[in-house]
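Shown next, in structure tokens, is the structure this report addresses.
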Amino acid sequence: MFSQTDYNFLNSLLLETSVRYSSIPEKVKKSSYFLNLLNSCILIKEASGRGSLIRVADRQNFEAFFNNIFTNTEDSEINKVSNVAKFKDSKRRQTESNYIVFFRGDHPVNINGIEVDLPFYTINFGVFATKLQSVCAEKICFVENLDVFLDIEKIINQEYVFFHTYGRIGRKLISKIKAQKILVFSDYDFIGLKEYLTIKEIHPHTSFFIPDDYQEKFLKYAKPFSDDIKKKGQTPSKKVQLSTDKIVVEIRTQLLKTHKFLEQQALFINE
């Protein structure tokens with residue numbers, strides 16, 4: 001019987017491709033399926049710095065193994081109803097996102113194939129919200145945090161359609177976006193860099209927003225990382241570690257050197 005611990009471990013490999021061996025629960029390390037995956041070279045253990053990584057070497061067979069365990073024909077989509085039925089907890093497993101998104105802007109925009117009077121909704125209601133199927137605009141700016149999104153015009157000019165999603169942005173959601181130019185405005189941390197790179201993989205014309213006074217803001221308002229090194233976002237993902245993107249390299253180097261990061265809210269502080 002596979003547990004939530006097994007699911008979390010295997011799902012992390014699906015998302016990240018590799019994980020630190022030291023972070024894997026002892027229960028998983030001693031399991032027969034883990035040893036079989038290593039012996040069959042579907043997973044491999046390799047040295048990394050002072051420790052080691054577990055990496056997916058045969059992705060096709062690994063995904064087949066995962067799907068065979070956690071997917072069935074009667075419930076192929078994990079949702080909160082099936083989580084309650086199986087685990088008595090709607091949040092027990094990661095659920096398939098409904099892609100609820102929010103828009104603000106000064107220009108009409110095509111959303112889900114319909115021309116939307118975005119200025120009307122922005123002025124009268126603050127946002128336009130929808131379950132997204134598609135959006136098409138000349139310039140789109142992704143804003144990570146909701147409070148910043150609702151006040152975004154103070155920082156970035158209104159030639160953009162501003163976009164905020166409930167939860168983390170992923171490849172499926174990004175594929176629903178069509179734009180000539182995409183700007184990412186997030187916290188200046190490893191998670192923000194990862195999301196920027198994820199978007200840029202699909203939309204090469206993506207840029208990362210860096211204000212002119214970024215270094216001054218960082219010196220004054222940067223926040224120390226948590227003492228818990230295992231906390232999400234405390235270390236760079238493989239994607240961020242290996243990136244040669246100029247902006248990613250600069251911010252990654254600064255984060256690793258100072259062990260501090262800048263929240264995007266700091267840009268609203270008037271000197």
Notebook entry, point to check: Using the Cβ atoms and a cut-off under 15 Å, what net charge is assigned to the surroundings of residue 46, where Lys and Arg are +1 and Asp and Glu are -1?
Noted result: +3
Check: Which order, highest average first, do 190-202, 238-250 follow once you tally other Cβ atoms within 10 Å for each residue and take the mean per peptide?
Finding: 190-202, 238-250
Note to self: Below 14 angstrom from the Cβ of residue 258, what's the summed charge of the other residues (Lys, Arg +1; Asp, Glu -1)?
What the structure shows: +4
Checklist line | Heavy-atom surface of the stretch 120-187, accessible at 1.4 Å and reported per residue (Å²) | finding: 50
Notebook entry, point to check: Which whole-angstrom value gives the distance between the alpha carbon centres of the stretch 147-224 and the stretch 246-271?
Noted result: 13
Notebook entry, point to check: Using 1/(1 + (r/R0)^6) with R0 = 51 angstrom and r between the beta carbons of residue 212 and residue 41, what's the FRET efficiency to the nearest 0.05?
Noted result: 0.50
Margin query: With bins 10 Å wide starting at 0, give me the P(r) of the stretch 125-222 over every alpha carbon pair, in whole percents.
Written below: 14, 50, 30, 5, 0
Check: Pulled fully out, how much extra length does the chain show between residue 27 and residue 180, if you take 0.36 nm times their separation in residues and subtract their Cα-Cα distance?
Finding: 50.3 nm
Note to self: Once you order the gyration tensor axes a ≥ b ≥ c over the Cα atoms, which shape class does the stretch 111-172 get: rounded for a/c under 1.5, otherwise prolate or oblate by comparing a/b with b/c?
What the structure shows: rounded
Check: Among rounded, prolate and oblate, which fits the stretch 151-271 when a ≥ b ≥ c are the square roots of the eigenvalues of its C-alpha gyration tensor, a/c under 1.5 means rounded, and a/b larger than b/c means prolate?
Finding: oblate
Item checked: Contour minus Cα-Cα distance for residue 61 and residue 246 (0.36 nm per residue) -> 63.1 nm
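The values are calculated or read from the model by the stated rules, or taken from the named source; none is laboratory data. Please read all numbers here as calculations on a predicted model, not as lab measurements. Positions of Cβ are backbone-derived with ideal geometry, glycine not excepted, and every protein chain shown enters the neighbour counts. In case anyone asks, the SASA skips ligands and DNA or RNA and just uses the protein heavy atoms, side chains included. Shrake-Rupley method; radii C 1.70, N 1.55, O 1.52, S 1.80 Å.
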